[in-house]
């Protein structure tokens, strides 16, 4: 039972345009959601997070939106830059389990 | 540069070998994690240490043995591994133990393990 799903394995956008990465979850106990970015041959790095009591969090070019009723979150990158090309993982935290669950990741390619 | 340092970067070992992976952080974080990542898959949690005590073992086979000698160090001892254990092994830390599950994980760059 995959509790966190990223249904798009890959996404390609033009430089300067918006990138939208999506994530769905099934466990209503998740109370915190995080996005990580991973370059080849490196570990994931934290990008942005959102608490379940909020519906939006913004940090520079990155905005995460949370729709609790739909159990859906999205990461918006505006404007997209070639350096944003990486694998993006959505993760959800369950306080009862004391751990985070990761989605399968979406590979973003930003074309110059 | 990552603040979580993992050594070695690459490791090739036979099925009868014993080896260890090492992880070090000096951020004062009190939770440390081992993850395993296969190609095109998400990181898969193996172990969690919180305040130097093992708090989560995700039913990992006993051929993997974690150790937390102190709050800055985390080891993963490997013995009698199988070829299917070949993967990227990631260490991570977070600030205040697993209670603050919203705290971001700080990952190292991993050890690429190949079992022959």
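The values are calculated or read from the model by the stated rules, or taken from the named source; none is laboratory data. These figures come from a predicted structure and were not determined experimentally. In this analysis, Cβ positions are derived from the backbone assuming ideal geometry, glycine residues included, and neighbour counts consider all displayed protein chains.
Residue count for region B:69-98, restricted to those that are free of Cβ contacts under 8 Å to residues at least 60 places away in the same chain and either farther than 23 Å from residue A:40 by Cα or away from chain A (no Cβ under 12 Å) (or both): 13. Of A:67, A:7, all but one fail to be exposed (fewer than 15 other Cβ atoms within 10 Å of the Cβ) and either within 13 Å of chain B (Cβ to nearest Cβ) or modelled with pLDDT under 95 (or both); the exception is A:7.
Considered as a group, the residues in region A:49-64 that are touching a strand residue (DSSP E or B) at 6+ places or on another chain (Cβ under 6 Å) and either within 9 Å of chain B (Cβ to nearest Cβ) or over 21 Å from residue A:81 (Cβ atoms) (or both) include one that is surrounded by the most Cβ atoms within 10 Å (Cβ to Cβ), and that residue is A:50.
From the list A:80, A:74, the lone residue that is more than 14 Å from chain B (Cβ to nearest Cβ), over 27 Å from residue B:35 (Cβ atoms) and modelled with pLDDT of 95 or more is A:80.
Filtered by the rule that a residue be surrounded by fewer than 17 Cβ atoms within 10 Å (Cβ to Cβ) and assigned to a loop (DSSP other than H, G, I, E, B), region A:72-97 gives A:78, A:79, A:81, A:95, A:96, A:97. Of all residues in region B:1-21, those satisfying the criterion of being more than 12 Å from chain A (Cβ to nearest Cβ) and crowded, with 17+ Cβ neighbours inside 10 Å are B:11, B:13, B:19, B:21.
Restricting attention to region A:1-21, which residues are in a strand (DSSP E or B) and without any contact (Cβ under 8 Å) to a residue 60 or more places away in the chain? A:20, the sole residue that qualifies.
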